[in-house]
Structure formats: structure tokens, C-alpha cells
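Before any comments, here is the structure.
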Amino acid sequence: MVPGSRSGFFRRIRYAVSDYVLPDRSISQGLPFWRELVLSSLILAMTVLGSLAYLPSVLLALREKIFSVVLIDTLALVLVFILFFGKKLPFSLRSSGVLVLNYFLGTSLLVILGPAGGGMIWLFPFPVFTGILFGIVPCLWALLGNFFSIVIASIALSRFQLAWSMPVEVLYVVGFNFVVADAIVCVSLTVLMLGLQKNIERKNHFLEYLKRRRFQISRSKRNLESEILRRAEMETRLEENLKEKEVLLQEIHHRVKNNLQIVSGMLNLQNMYAQDGVTAEALEKAQDRIRAMALIHDHLYQQGNFSTVAMNQYLESLLNHLILSQAPPGNRIEFETEWNHIPIPMEKAIPCGLIVTELISNALKHAFPNGRKGKIFVRLEETEDGLTLCVKDDGIGLPKDSPAFHFLSTGKMPNKDGEQYDSLGLMIIRSLAGQLKAKLILEPCAGTAVRLVFSKF
């Protein structure tokens, strides 16, 4: 036989053995899988080895004229083949058949041939197989069965004429030692099988827990993905709505600015037809106030941020307009500014702009008479108390007994000769300061300095 055919032959044998021995159960079932694997392996080994040992055992028994041994071996071999070809039989029936054969063969040989006849060798694995196949309690019953086999052999030895002889007490001692050794082995193996079963059960529980967790995680992942998609769609819609509202707000501020400019232009046209200087001055101041409000909407339209106004840019534009519209020619009045990038809400930016307009207009009109040169200083800074707005000039200043000084200091216009002085600009400053909830302070200096302290928000 060539080496290739020899290896192919052994490979086929190995596949046949594996196919016979491996159970139909899944290994995840734990102990039932291993018990069926042990049972199939045991039946296969008993079939092969029993077939090999049958002929020598029968020939030896015939030569010794022990015909009962021939009968026992023949019956045992027939039962082994029945179990071998009955692989489809239920597990309990096949395992019970193996154990009955094991016990019957061991007890019969012990009674007929004695301890030297191999009976104890067959009885020794009986409780071991019982413990492996059925558990610890049947294992203990099998140990008791082995003890009964020793008792049966002792009774038969004392009452019948057997082919062997031995003192009964010696048989009891040998049998007791045999049962003790058998108990040690079978209990240990049974405990090992129980430990294996516990480990397999724990592993199965853990795998089941992992499956449940994987299912929960998968479901949570799907829910999260759907939630992310839903939120992404909502964010897209919100962004579209926000852009639409920003465009609308931008258009609103643009139109408000245009409308205010139209009103300013109409006042300018009306000013051209004014008959006296008082009316013309009132119309010019109204134009400046409207222009101060229009600049706010112009800045909001240009910067695209409709919640706050950059005060440095706004005040710069406002100051340039006032210089162009009210400053006397010749550049005899200088302007100095000090401010940082301070964004404040629109509802506070408009009163600030109007207050600056009124204070600078008053300074240009009253602080530098008769061509006097001077300087106007505007400062906006952020302090611990909030925001501080200061408009200061180095002009002639306000006399302490003047109605304007008294009004800015106390908020009340004094009476003189039964009449009350009226100044719309000062009233606007006081009213807007109250709207800002600002603290208005008239600071002592060479000229006039008005400081307002108010919160940013």
C-alpha cells in the first residue's frame, strides 16, 4: 500500500469515528453535550475493545470449562453491538444499557471467578460512568451497588462451592478498599463535571447577557441615528428659518433707516422755508436726533448682527455727522475720543447716541462763544460699575446759578419771576438717562463735563 492511500485510509477512519462520536447537540448546551460525547466514546471503545477481547476470553473459558463465562461474554458483546448500532436511541436508554452491562458483567465475573477474574476491574468504572452520565446522587447509589456486589460475592463464597476460594474477611477487606478507592475517583470526577457544567452555564449566561446588550446597543444605535437625522433635519430647518428671519430683520432695519432719512430730508426741506432762526434751529436739532437713530439701523443693517451695536463704530459715525452738520468752520474746535469695541444692546445704544448728540450740540452752541477755540472730549469705557459715558469740553462752562446747571444737577428746572425755563435738550438728556437707569453726574472742571454710569445689559 502506498503512503498516500494509507494516510487516506486513516483519515477516513478518523472522520468516521468523529462522525459517530460527536453529538447532534450544540456545545453551547453544556453538560448534555459532554455527557453524550462521553457516552458515544464509551460505547465505541467498548465495541472495539470488547470485540478484540471476546475471542481470547471465550477460548480461555472453554479450556477451563467455565461455560458461564462464555455465556456472559457473549451476552455482553451482543448488548454492546445493540448499543453501538442504536445511536438514535434516547440518551437515557443508551446510558442505562451501558451501566447495566457494566454492572452485570462486573458482578457476574466477581461471583464466578473472584477478585482475580476481572470482576472488580469492570465494577470500578460503574459509579464513575454513573456520576458522569447522571450526576452525584446516582453516583452514590452506584457506589452502594458496588458494595452490594461485594456482599453478594461474599454470600456466594460462604454458601456455595465456587471455582475460587478466599477467606470471607479478606474479601470484605479487599472489597472495602475497592469501594473507598472507587468512591474517591468517581466523586472527584463527578465534582469536576459539575464544575464544568457551572462554568458552561456561567459562560452561557454571560453570552446571553452579551447578546441582550448587543441587541440593546444596536437598538440604541438605531434610535440614536434616527434622532441624529431628525435633529439634523431640524437644525437645517432652523438654519433656514434663521437665515430667512435675518434677511427680514436686515430688510426691516434698512427700510427704517431709509424712512428716517426720508423724514430727515423732509425736515431739511421744511427748514429751507423756515421764517425765523428759532424754527430753523429746532428743525436742525430734530434732524440730528433722527440722524442719530437712523445711524443705529444703518449699523445693524451693515454688520448683520441685530442684537448688539458696536458702540465705537456707531459713535464714530455719529460724531462725524455732528462735526459736518454743526461744527463751526475753521477747525477751531477739536475733538478727542476714547473708546474700545464695546457691544451693547440696541435698546441702550439709541439713548446713548441721542444723549451724545444733545451734549455735543449744547457744547458746540454754548461752550465756545465769540470764536473761542476749544476741545470736546468723548469717552466710553467699561468699568466695574458698568459702562461710563463722558462728554467733556474746556469751554466757558456752566455757571452754578444757571438753570441748566441746576437742572442737570437736580433734574428740576428752577422758577424765575414766576416762569419756568424750558430746555428740550436738557429734558431729553434727563429722560433718556432715566430710560437707561443711569446715574447722571455733572463733574466740576474748567469747562463742562457730564458723566453717565449705567449697566451694560
Margin query: Just checking my list (i) 352; (ii) 246; (iii) 200 against volume of the Cα convex hull per residue in Å³ computed from this structure; which label fits?
Written below: (i)
Notebook entry, point to check: Can you give the Kirkwood hydrodynamic radius of the range 169-243 from its Cα pairs, in Å with one decimal?
Noted result: 18.3 Å
Next item on the list: Would you mind calculating the gained length between Ser68 and Phe160 on full extension (0.36 nm times residue separation, minus the Cα-Cα distance), in nm to one decimal?
Entry: 31.6 nm
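For a quick protection proxy, order the peptides 36-47, 335-346 by their average other-Cβ count within 10 Å, most packed first.
Numbers: 36-47: 18.2, 335-346: 13.6.
Answer by packing, highest mean first, reads 36-47, 335-346.
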Notebook entry, point to check: Which value, in Å², gives the accessible area per residue of the range 10-103 when a 1.4 Å probe is used on the protein heavy atoms?
Noted result: 60 Å²
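Roughly to the nearest percent, how much of the accessible area of the range 72-178 is carbon and sulfur, given a 1.4 Å probe? Numbers along the way, then the final one.
Working: 4160 of 5300 Å².
In the range 72-178, the share of accessible area belonging to carbon and sulfur is 78 percent.
Considering only protein heavy atoms, what per residue accessible area in square angstrom results for the range 167-264 with a 1.4 angstrom probe?
On the way: 7640 Å² over 98 residues.
Using a 1.4 Å probe on heavy atoms only, each residue of the range 167-264 averages 78 Å².
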Margin query: Using only the alpha-carbon atoms of the range 223-292 as identical scatterers, what base-10 log of I(q)/I(0) does the Debye formula give at q = 0.23 Å⁻¹?
Written below: -0.92
Check: To the nearest 10 Å², what's Phe148's accessible area with a 1.4 Å probe?
Finding: 100 Å²
Note to self: Nearest 500 deg cm²/dmol is fine: what mean residue ellipticity at 222 nm does the chain get from its DSSP H runs of n ≥ 4 alone, each adding -39,500 (n - 2.57), divided by its residue count?
What the structure shows: -24500 deg cm²/dmol
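Apply the a/c threshold of 1.5 to the C-alpha gyration tensor of the range 12-216 and tell me whether it is rounded, prolate or oblate. Can you show the working numbers first?
Details: a/c = 3.50, a/b = 1.71, b/c = 2.05.
Cα axes put the range 12-216 in the oblate bin.
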Notebook entry, point to check: Accessible surface of Glu251 in the full protein assembly, 1.4 angstrom probe, to the nearest 10 Å²?
Noted result: 70 Å²
Checklist line | Label-point separation in nm, Ile342 to Ser455, each point 7 Å along Cα→Cβ | finding: 1.6 nm
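What order, most packed first, do the peptides 186-195, 211-220, 359-368 have when packing is the mean number of other Cβ atoms within 10 Å of each residue?
Working: 186-195: 16.2, 211-220: 10.3, 359-368: 20.4.
Descending packing order for the listed peptides: 359-368, 186-195, 211-220.
The values are calculated or read from the model by the stated rules, or taken from the named source; none is laboratory data. What you see is a predicted model, and the numbers here were worked out from it, not measured in a lab. As a convention, Cβ positions derive from the backbone with ideal geometry for all residues, glycine included, and neighbour counts pool all protein chains shown. The area values use the complete protein model at the heavy-atom level, side chains included, leaving out ligands, DNA and RNA. Shrake-Rupley method; radii C 1.70, N 1.55, O 1.52, S 1.80 Å.
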